[in-house]
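These notes are about the structure you will find just below.
Only the coordinates and a few stated rules stand behind these numbers; no lab work does. Note that the structure is predicted; figures quoted are calculated from it, not measured. Here the Cβ positions follow ideal geometry from the backbone for every residue, glycine too, while neighbour counts run over all protein chains shown.
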Amino acid sequence: MYYVNLKQQKILDNINKFGCMTYEQIKELSNLKDLDKELKILVNQRRVRVLEGNIYVSIGRREVNNKVLKALEICTYLNSINRQVSIQWCNVEDFPFTLVFFRNGKIFDAVVINEGEEVIYSAAVNRTAAERIIVILESASQIEKIKINKQAKYCTVENGGVIFLEWGDD
């Protein structure tokens, strides 16, 4: 039987909470210096698996949740742009949102909307009590199809980079 240290447990907790994470997301959200060593041990102990090159999943998971990965990119981006105002907590959320996180004394709800899902997600988001919404789109052209009547910031996630879009009064 293998035991895990506190660093490895922190990594495992994050991967289990979100289901899947990229190497960069683990690195940014775990804030560990010897991440390569700890991940290698966890993979060798068969506590996590590597899929598609750099995506780590908990044992038992067979697929990657791309919506969670995109939403986590927002968290890593926000952590990297201002280290003094980092994300205090982040959790997976139920439909229509993907993640909820707390940063700078405010709660943010992140929703990932793929092509063709604009109408159903717009209606669902409008019926929630969420106040600060980050809408992650598959492409910038979707913004015209979104009908969210709440304060929202729109962005796309491409190749690990976050691009915020201008729309309406935002």
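Computed from Cα atoms, the angle from the helix 35-44 axis to the main principal axis of the chain rounds to 70 degrees. Relative contact order, whole percent, for segment 1-144 stands at 17, derived from Cα pairs under 8 Å and 6 or more residues apart. Rg/Rh for the chain stands at 0.99; both radii use Cα atoms, and Rh follows the Kirkwood definition.
Would you mind pulling out the separation of the Cα centroids of segment 28-94 and segment 143-164, in Å? Cα centres, segment 28-94 to segment 143-164: 22 Å.
Within 11 Å, Cβ to Cβ, of Gln9, how many net charges do the neighbouring residues add up to if Lys/Arg are +1 and Asp/Glu are -1? Around Gln9, the surrounding residues sum to +1. Please give me the summed charge of the neighbours of Leu42: other residues whose Cβ is under 12 Å from its Cβ, Lys and Arg +1, Asp and Glu -1. Taking every other residue near Leu42 into account, the sum is +4. For segment 41-145, the share of DSSP beta bridges that are antiparallel, to the nearest 5, is 75%. Note down the nm distance, to one decimal, between modelled labels 7 Å out along Cα→Cβ at Val119 and at Asp34. Reported label-point gap for Val119 and Asp34 is 5.6 nm. Annotation: amide H of Leu99 within the under-5 Å range of Glu93, Ala110, sequence separation 5 or more or interchain, hydrogens built in the peptide plane.
Charging the Cβ of each Asp and Glu at -1 and of each Lys and Arg at +1, and nothing else, the dipole of segment 82-170 about its Cα centre rounds to 400 debye. If you fit an axis through the alpha-carbon atoms of helix 6-18 and take the longest principal axis of the Cα set of the chain, what angle between them do you get, 0 to 90°, nearest 10? Taking Cα atoms only, the helix is inclined about 40 degrees.
Net charge of the neighbourhood of Lys33, taken over other residues with C-beta under 12 Å away and scored Lys/Arg +1, Asp/Glu -1, is 0. Net length available on complete extension from Asn159 to Ala140 is 5.4 nm, with 0.36 nm assigned per residue and the Cα-Cα distance removed. Evaluated with a Cβ-only charge set (Lys, Arg +1; Asp, Glu -1), the chain carries a dipole of roughly 820 debye about its Cα centre, given to the nearest 20.
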